[in-house]
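Only one structure is covered here, and it is reproduced in the block below.
The values are calculated or read from the model by the stated rules, or taken from the named source; none is laboratory data. This one's a predicted model, so the numbers in the text were calculated from it and none came from an experiment. Cβ coordinates were reconstructed from backbone atoms using ideal geometry, including for glycine residues, and neighbour counts include every protein chain displayed.
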Amino acid sequence: MNSIIQEVTDRIIERSKVSRAAYLAKIDKARRQGPHRGALSCGNLAHGFAACGKEDKADLKSMTKANIAIVSSYNDMLSAHQPYETYPQIIKQAVADVGSVAQFAGGVPAMCDGVTQGNAGMELSLMSRDNIAMGAAIGLSHNMFDAAVMLGICDKIVPGLLLGGLAFGHLPTVFVPAGPMPSGLPNNEKARVRQQFAQGKVGRDALLEAESQSYHSAGTCTFYGTANSNQLVVEVMGLHLPGASFVNPGTELRDALTKAAARQATRLTDLGDNYTPIGHIVDAKSIVNGIVALLATGGSTNHTMHIVAIARAAGIIINWDDFADLSKVTPLITRIYPNGSADINHFTAAGGMSLLFKQLLAAGLIHNDVNTICGKGLEQYTKEPRLIDGELEWVDGAEESFDKEVFADVENPFKADGGLSVISGNLGRAVMKTSALKDPICKLKAPAVVFEDQYALDDAFNKGDLDKDCIVVVRFQGPAAIGMPELHRLTPPLGVLQDKGFKVALVTDGRMSGASGKVPAAIHLTPEAYKGGLIGKVQSGDLIEINTATGEMILHVDQSELDKREQASIDLTDSHQGMGRELFAGMRSTLSGAEEGACSLFVEQDRLDAGAL
C-alpha cells in the first residue's frame, strides 16, 4: 500500500474506534434477533404476506427461504431511473428461480437536479437525501427481510439509500444500477451553446435543442457528475457486481446483470454460510477506496459531503483533511467531462472499471483486503461482464487504455494529484475541484463582489458590472440557510468573463457539485453565513486571496475593521415557503455543517457517542 494512504486509513480507524465499535455492536444485536419474520406475531406475519401467492406464503411461513426486499427510486421523469419500472418483476422472477421470495418493500423519492437547477425545488435537493434514507428505513422496518436490493443512481438517491441501508447494517444489501444513456451531443459543444445563450448570441430554441440532443433517452446523463460518481464509488466499495455500473439500459447484458444481482443477494443472507451484511462491507478501508477512486477519476465534489455522511452511518469518522491528504498522492488518470471532453461511455470504451481496478490495485492505491458482495478482495472486479452464448460470464478486462486521451495510467497521469483542494483561512474552510481547471494551481487576489443569492448575479452580469478581475461571493446558500442548492446557473456567465480575459473565481457556502468546471470555485464554505461565518461580513471591494498551492483562502481586512462590522442578515422567507419547502423547516434546522456531511440524521447518535466518550 501507498504509505500515505495507509497512514490516512490508520488514523481514520483510530479516530473511529468508539463509534465503529458501537455500530458493529448495534448490527450484531439486530442479527441475533433474526430472522425477523420468526419474531413477528401471527397477525403481523399474516399482514406481511397477505398479498403474496400461495407458494410464496408457504415459503415465508417456513422461515427457510430468503425474502429479499426491493427498495426502488423509480419514476418516469428522471431519465436515469425510468428503466427501473420493470426491475421489480425481473428481480422477483430471478429470486423465485433460485427458490426464494422478493417483495417490493417501498419506494423513495428521486428528484432531478437537472430539472430543478436554478429553481425553488433545488432548495429541497440536498435534504431529499436524508428523506430518502428515512424512506428506505421505513421500507425495511417491517422485519420481514433477509437481504435488500437497492435501485438508485442519481445525485442524492444513492447516498440516501446507503444511509438507509446502513441503518439496517445486519442485512446483506446489493445495489443495482440501470446504466448511462448512449452518447448524444458532445459535452463540450453543449457547454459552448450554454455560454452563447448567456451572452445573448443564441436564443432559447437553440439552447433547448442542444440540451435535448445531450439528454436524449432513458439512462443516466453521460457527463461525470454526481450520478456517475455514485456508481463508480459504490462499485469500488464492493456493493455492485463487477462491471455493472456503466452498462447501457435496455440491453441484454443490463438485464442479465440485474438478474445476477438479485440472485447474489440470496446467497449472502444469514440463512446460509456466506453471510455478508452491508455493515461488514462498508468499513474504513472501503471508504478510503471509494475516496481514492473518486479522486483518481476527478469525480463529484458532492461526495466531500456524501461520503462523510455515509461513513458516519457506519460508525466511521472522516473529514476534509482525509480527502486532501489522499488527493495529494492519488494521480488523476481519467478525463471525463467536465474534467475533459469525453463522456462516461468513452471511459467505458477506453477500459472502464476493470482497468481502473487494475491500475489502482497495482499501484497500491486501494486496499485489497476488503469484503464485497462477491467475496473477499477486489480481484474479481478486474474482470468485466460479457454475454457468451447467452450466459453471463466475467472475462479478463483491458490491460491498458484504448484511448490515452480519456484514460491515462498511474505512471503517466494527467495530473500528479487527484484534483481536489481543501482551502482554509480566516474565511473558513472550503473545497475546490481543481482537476477541471486549465491551470490546476489557482492563485488569485482580487476584490469581492457580494451577492445574497444566485439570481442577483444575472443582473450584474447583464449590466457589465462584472467585467473586471473579481471574486464573486454568493452567500446564504448553506445547509441551514436554504438547504444548500447547487449554483450551476453561475457557471456560464462566469465562464464568459473568464473567456474575456478577466480573472474570476467564486466563493460560496452553497454547492457546485459534480459539474464544477473551468471557473475556480471555493464551495461548501463552512461555517456558512447563516450560522455566523465570516463570509457574512464580507463587503464588495474587500480583497480576497485564494491560493491552492498553499491551501489558503484569506479575507484581507483588518480584524479591527471586521470587529466593527455587523453580520449581514437576509429575509429568507421566500426560500422557506412554497414548493413544499415549509415542510422541511425541522430538517433544515438540524442539518450539520458541510464538512460534517450536511446531514440531519445523526443528532441522536451524536448524543449517544458523546455519552460513550
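Looking only at the stretch 302-335, which residues are part of a helix (DSSP H, G or I) and polar (S, T, N, Q)?
Matches in the stretch 302-335: T304, S327.
Determine which member of the set S435, S424 is modelled with pLDDT of 95 or more and buried (at least 16 other Cβ atoms within 10 Å of the Cβ).
S424
Which pairs do you get when a residue that is assigned to a helix (DSSP H, G or I) and of a type in the set (V, I, T), found in the stretch 521-535, comes within reach of a residue that is surrounded by fewer than 21 Cβ atoms within 10 Å (Cβ to Cβ) and at pLDDT below 95, reach meaning Cβ atoms under 9 angstrom, with the pair 6+ apart or on two chains?
Correct list of pairs: empty, since none qualify.
I'd like the full set of residues that are buried (at least 22 other Cβ atoms within 10 Å of the Cβ), part of a loop (DSSP other than H, G, I, E, B) and polar (S, T, N, Q), limited to the stretch 251-275.
T269, the sole residue that qualifies.
In this structure, is L601 within 29 Å of A448 (Cα to Cα), of a type outside the set (G, A, S) and not assigned by TED's automatic domain parsing to the domain that holds V538?
The answer is no for L601.
So for the stretch 594-602 (the condition being part of a loop (DSSP other than H, G, I, E, B), within 14 Å of I317 (Cβ to Cβ) and modelled with pLDDT of 95 or more), does at least one residue qualify?
Yes.
Assess whether L185 counts as being within 30 Å of I138 (Cβ to Cβ) and either in contact with a Phe, Trp or Tyr (Cβ under 8 Å, 6 or more places away or on another chain) or surrounded by fewer than 24 Cβ atoms within 10 Å (Cβ to Cβ) (or both).
So L185 fails the test.
Kindly indicate the residue of the stretch 383-402 that is surrounded by 13 or more Cβ atoms within 10 Å (Cβ to Cβ), free of Cβ contacts under 8 Å to residues at least 60 places away in the same chain and touching a strand residue (DSSP E or B) at 6+ places or on another chain (Cβ under 9 Å) and also farthest from F347 (Cα to Cα) among those meeting that condition.
Among those residues, the one meeting the criterion is A398.
May I ask you to verify whether K463 is over 15 Å from A549 (Cα atoms), free of Cβ contacts under 8 Å to residues at least 12 places away in the same chain and surrounded by fewer than 18 Cβ atoms within 10 Å (Cβ to Cβ)?
yes
For the stretch 176-197, state whether one or more residues are at pLDDT below 95 and either among the aromatic types (F, W, Y) or under 23 Å from M587 (Cα atoms) (or both).
yes
Would you check if E561 is more than 24 Å from the chain's Cα centre (by Cα) and not assigned by TED's automatic domain parsing to the domain that holds A481?
Answer is no for this residue.
Looking at the stretch 342-369, which of the residues that are within 21 Å of the chain's Cα centre (by Cα) and part of a loop (DSSP other than H, G, I, E, B) is surrounded by the most Cβ atoms within 10 Å (Cβ to Cβ)?
So the residue we want is I366.
Being in contact with a Leu (Cβ under 7 Å, 6 or more places away or on another chain) and modelled with pLDDT under 95 is the filter here, so list the residues in the stretch 112-139 that pass it.
Matches in the stretch 112-139: C112 only.
Any idea how many residues of the stretch 467-476 are crowded, with 20+ Cβ neighbours inside 10 Å and either in contact with a strand residue (DSSP E or B) (Cβ under 8 Å, 6 or more places away or on another chain) or outside any loop (DSSP other than H, G, I, E, B) (or both)?
6
Taking G586, is it of a type in the set (G, A, S), part of a helix (DSSP H, G or I) and within 14 Å of G428 (Cα to Cα)?
When the stated conditions are applied, G586 does not pass them.
Restricting to the stretch 547-603, give me the number of residues that are in contact with a Lys or Arg (Cβ under 7 Å, 6 or more places away or on another chain) and among the aromatic types (F, W, Y).
1
For P338, are the conditions met, namely being in contact with a helix residue (DSSP H, G or I) (Cβ under 6 Å, 6 or more places away or on another chain), part of a loop (DSSP other than H, G, I, E, B) and over 30 Å from I13 (Cβ atoms)?
For P338, the condition - in contact with a helix residue (DSSP H, G or I) (Cβ under 6 Å, 6 or more places away or on another chain), part of a loop (DSSP other than H, G, I, E, B) and over 30 Å from I13 (Cβ atoms) - is met.
Please go through the stretch 358-368 and give me each residue that is of a type outside the set (K, R) and touching a Gly at 6+ places or on another chain (Cβ under 8 Å), ordered by number.
N368, the sole residue that qualifies.
Would you confirm whether or not the stretch 134-146 contains a residue that is among the hydrophobic types (A, V, I, L, M, F, W, C) and buried (at least 24 other Cβ atoms within 10 Å of the Cβ)?
Yes, because at least one residue in the stretch 134-146 is among the hydrophobic types (A, V, I, L, M, F, W, C) and buried (at least 24 other Cβ atoms within 10 Å of the Cβ).
Looking only at the stretch 192-220, count every residue that is farther than 26 Å from H81 by Cα, under 28 Å from the mean Cα position of the chain (by Cα) and free of Cβ contacts under 8 Å to residues at least 24 places away in the same chain and tell me the total.
Residues in the stretch 192-220 being farther than 26 Å from H81 by Cα, under 28 Å from the mean Cα position of the chain (by Cα) and free of Cβ contacts under 8 Å to residues at least 24 places away in the same chain: 2 in total.
Restricting the first residue to the stretch 549-566 and requiring it to be under 21 Å from C470 (Cβ atoms), which pairs with a second residue that is assigned to a helix (DSSP H, G or I) meet a Cβ separation below 7 Å and a spacing of at least six or different chains?
Sorted first by the residue in the stretch 549-566, then by its partner, the pairs are L555/L534; L562/K537; R565/K537.
L506 fails exactly one of the following numbered conditions: (1) crowded, with 22+ Cβ neighbours inside 10 Å; (2) assigned to a loop (DSSP other than H, G, I, E, B); (3) out of contact with any Asp or Glu (no Cβ under 8 Å at 6 or more places or on another chain). What is the number of that condition?
Among (1) crowded, with 22+ Cβ neighbours inside 10 Å; (2) assigned to a loop (DSSP other than H, G, I, E, B); (3) out of contact with any Asp or Glu (no Cβ under 8 Å at 6 or more places or on another chain), L506 violates only (2).
Given the structure, is S300 in contact with a Pro (Cβ under 7 Å, 6 or more places away or on another chain), at pLDDT below 95 and either within 25 Å of E596 (Cβ to Cβ) or surrounded by fewer than 24 Cβ atoms within 10 Å (Cβ to Cβ) (or both)?
Against the criterion (in contact with a Pro (Cβ under 7 Å, 6 or more places away or on another chain), at pLDDT below 95 and either within 25 Å of E596 (Cβ to Cβ) or surrounded by fewer than 24 Cβ atoms within 10 Å (Cβ to Cβ) (or both)), S300 does not qualify.
Looking at this structure, is G225 surrounded by 24 or more Cβ atoms within 10 Å (Cβ to Cβ), touching a Lys or Arg at 6+ places or on another chain (Cβ under 9 Å) and either farther than 21 Å from L601 by Cβ or not basic (K, R) (or both)?
No: the conditions fail for G225.
Do the conditions hold for N248, that is, is it in the same structural domain as D28 (by TED's automatic domain parsing), assigned to a loop (DSSP other than H, G, I, E, B), surrounded by fewer than 22 Cβ atoms within 10 Å (Cβ to Cβ) and touching a Leu at 6+ places or on another chain (Cβ under 9 Å)?
Criteria not met by N248.
Assess whether A102 counts as being modelled with pLDDT of 95 or more, part of a helix (DSSP H, G or I) and touching a Lys or Arg at 6+ places or on another chain (Cβ under 6 Å).
It is false that A102 is modelled with pLDDT of 95 or more, part of a helix (DSSP H, G or I) and touching a Lys or Arg at 6+ places or on another chain (Cβ under 6 Å).
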